[in-house]
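What follows is one structure encoded as structure tokens, with my remarks underneath.
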Amino acid sequence: MEAVRFHEYGDVDVLAVEEIETPAPGDGEVLLRVRAAGVNPIDWKALHGRLAGGEPLAAARGLGVDVAGVVEQVGPGVEGLAPGDEVLGNPTTASYAEYALSRPDMLVPKPAGLDWEVAGSLAVVAGTAYATLETLKLGTGETLLILGASGGVGSLATQLAVARGVRVVGTAGPAK
């Protein structure tokens with residue numbers, strides 16, 4: 001399969017499309033044919049070595065922590081998913097590739113009619129928005145101030161909070 005990888009830290013010029021072995025799903029894993037993968041700040045940080053604590057890159061690696069795709073194969077012990085299922089979520093291997101591995105508990109069904117490009121960008125921002133609201137435990141009639149309500153996390157947090165009956169006051173920059 002083809003995958004986007006890098007062998008040294010740097011800017012986008014160190015990225016290359018390479019032919020690597022297609023991973024096989026192990027116990028409790030599924031193999032996804034990637035249809036779309038999101039770009040997140042953590043990808044930039046990984047590419048630039050910001051997560052390495054000063055250690056050099058030991059081996060080539062890929063990027064991508066958001067994925068949307070079609071289940072290609074299920075490993076032993078997987079229940080609730082089957083080949084052909086359309087899903088989105090977080091992979092356990094880099095998603096800037098033709099195939100990625102994941103676990104069923106890290107995936108949700110892709111809603112019918114949702115564009116692949118949108119589905120491939122949802123996991124990190126939706127997960128962050130949801131986890132934040134769960135931590136705050138806000139309920140009907142309460143008010144929440146969301147700074148950056150026009151951004152990825154902010155726009156989803158706004159929608160999720162309103163769906164819970166929370167009054168939202170949001171801020172955004174002049175361009176938004």
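The values are calculated or read from the model by the stated rules, or taken from the named source; none is laboratory data. The structure displayed is predicted, hence computed values, not measured ones. In this analysis, Cβ positions are derived from the backbone assuming ideal geometry, glycine residues included, and neighbour counts consider all displayed protein chains. To get the accessible areas, we keep the full protein, side chains included, count just its heavy atoms, and leave off ligands, DNA and RNA. Shrake-Rupley method; radii C 1.70, N 1.55, O 1.52, S 1.80 Å.
Would you mind putting 82-94, 28-40, 124-136 in packing order, based on average other-beta-carbon counts within 10 Å, highest first?
28-40, 82-94, 124-136
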(request) Name the shape class, rounded, prolate or oblate, that the alpha-carbon gyration tensor gives for the chain, where a ≥ b ≥ c are the square roots of its eigenvalues, rounded holds for a/c under 1.5, and otherwise prolate holds if a/b is larger than b/c and oblate otherwise. (result) oblate
(request) Could you tell me the distance between the Cα centroids of the stretch 75-125 and the stretch 4-45, to the nearest Å? (result) 14
(message) In the stretch 39-56, whose amide N lies under 19 Å from the spot 7 Å out along Cα-to-Cβ of GLU117? List them in ranges.
(response) 39-41
(message) Rounded to the nearest percent, how much of the accessible area of the chain (1.4 Å probe, protein heavy atoms only) is carbon and sulfur?
(response) 55
(request) Quick one: angle between helix 152-163 and the longest Cα principal axis of the chain, in degrees between 0 and 90, rounded to 10, please. (result) 50
(message) Tell me which of VAL39, ALA157, GLY113 sits at the most positive position along the dipole axis of the stretch 26-169, charges placed on C-beta atoms (Lys, Arg +1; Asp, Glu -1).
(response) ALA157
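Determine the per residue accessible area of the chain with all protein chains present and a 1.4 angstrom probe, expressed in square angstrom. Mind dumping the intermediate values first?
Values: 9820 Å² over 176 residues.
For the chain, the solvent-accessible area averages 56 Å² per residue.
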(request) Treating the angle as unsigned and between 0 and 90°, give the value, to the nearest 10°, between the Cα long axis of helix 123-136 and the longest Cα principal axis of the chain. (result) 40
